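See structure below.
The values are calculated or read from the model by the stated rules, or taken from the named source; none is laboratory data. Only a predicted model underlies this, so the values are computations on that prediction, with no experimental measurement involved. When we count neighbours, we look across all protein chains shown, and the Cβ atoms used for this are built from the backbone with ideal geometry, even at glycine. In case anyone asks, the SASA skips ligands and DNA or RNA and just uses the protein heavy atoms, side chains included. Shrake-Rupley method; radii C 1.70, N 1.55, O 1.52, S 1.80 Å.
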Amino acid sequence: MASKSQVSYGERAQQHPHPLARKLFEIAESKKTNVVVSADLTTSKGLLDIADKLGPYIAVLKTHIDIIDDYQYSVVEELKALAAKHNFLIFEDRKFVDIGNTVQKQYHGGALQISSWAHIVNCTMLPGEGIVQALTQTTEGDNFPHKDDRALLILATMTSKGSLATGEYTKLSVECARKYSRFVIGFVASRTLGDIETKTAVLDNEDFVMFTTGVNIASKGDKLGQQYQTPKSAVETGADFIIAGRGIYAVPDPVETAKQYREEGWNAYLSRIGKA
Ligand code: 6AU
């Protein structure tokens with residue numbers, strides 16, 4: 001896969017064919033951050049507090065909205081206001097994994113109304129091409145109001161021990177990203193995908209954005225199979241954005257810690273593009 005890992009966020013913002021990816025790179029460049037906080041808090045107050053406090057230091061806030069105990073739609077309205085206040089994007093980590101007909105209903109409408117507030121969502125490739133086709137199609141319908149402001153990441157590999165998201169699975173991720181690049185802007189992955197060849201040729205100006213999770217400065221993993229690397233090593237292995245959850249929100253001083261992740265992630269990025 002063609003990699004733009006040595007190109008600056010500013011240049012990628014100017015060149016990227018997808019409007020939301022351009023916005024993402026503009027945010028990274030202007031706020032000097034490649035941090036995505038995984039705000040896996042289980043109360044509305046916890047989520048909104050962390051979003052407001054960490055907002056200035058992050059490019060994206062990632063949610064699992066279905067883990068909020070006291071969820072009401074007003075939470076995402078407040079989250080949207082905080083995203084505007086602090087200039088970050090919202091990524092709902094829904095990991096869609098069903099047939100096309102079902103994921104369309106889960107994404108657009110339903111109890112959570114995800115398409116109305118999440119700039120970015122992700123899906124797995126387990127069901128095959130149809131899931132990406134279906135989600136792409138939803139954003140291209142006449143009644144879909146946010147087309148240029150929505151995008152999809154494909155979960156191409158996973159950080160958990162023994163994951164089966166490898167080999168043919170990962171290859172199909174790249175195949176579908178190329179085929180549906182009008183909606184897919186990149187991957188959640190922990191390794192570069194440059195060695196993967198697909199039936200669909202490399203695109204002109206191909207620039208898939210790599211989000212790497214399993215990032216933690218202080219820990220190597222948890223007791224449930226999660227495996228961590230540092231912000232520096234993630235960026236060195238090709239991450240454009242580093243996703244960190246407990247390493248930031250579950251420590252005594254999340255703001256100072258978010259600043260630390262931001263500095264380490266940003267310095268590693270500057271070294272990568274030769275501007276350190
Ligand atoms: O930093 P943590 O371990 O507290 O949180 C990591 C976050 C969680 C996971 O659901 C998510 O990242 N995640 C993902 C994503 C983002 O899709 C993929 C994966 O392979 N591993 C992983 O931890 O919210």
Which of the residues spanning the stretch 30-74 are part of a loop (DSSP other than H, G, I, E, B), open to solvent by less than 50 Å² (accessible area, probe 1.4 Å) and not acidic (D, E)? T33, N34, A39, L41, I58, A59, H64, I68
Just to be sure I understand the filter: pairs with C-beta atoms under 8 Å, separated by 6 or more residues or on different chains, first member in the stretch 109-136 and assigned to a loop (DSSP other than H, G, I, E, B), second member of a type in the set (A, V, I, L, M, F, W, C) and loosely packed, with under 15 Cβ neighbours inside 10 Å. Which pairs pass? P127/I99
Would you mind stating whether Q227 is touching a residue at least 24 places away in the same chain (Cβ under 8 Å), within 14 Å of the ligand (Cβ to nearest atom) and open to solvent by 10 Å² or more (accessible area, probe 1.4 Å)? yes
Considering each of L155, L89, L164, L135 in turn, give the residue that is under 22 Å from K23 (Cα atoms) and within 12 Å of the ligand (Cβ to nearest atom). L155
For residues that are among the charged types (D, E, K, R) and modelled with pLDDT of 95 or more, scanning just the stretch 110-147, find the one that is surrounded by the most Cβ atoms within 10 Å (Cβ to Cβ). E129
Filter result (of a type in the set (A, V, I, L, M, F, W, C) and either open to solvent by 10 Å² or more (accessible area, probe 1.4 Å) or under 19 Å from I154 (Cα atoms) (or both)) within the stretch 84-94: A84, L89, I90, F91
From the set of residues in the stretch 186-218 that are acidic (D, E) and open to solvent by 50 Å² or more (accessible area, probe 1.4 Å), which is farthest from the ligand (Cβ to nearest atom)? D204
Would you confirm whether any residue within the stretch 1-13 is open to solvent by less than 20 Å² (accessible area, probe 1.4 Å), at negative phi and in a strand (DSSP E or B)? no
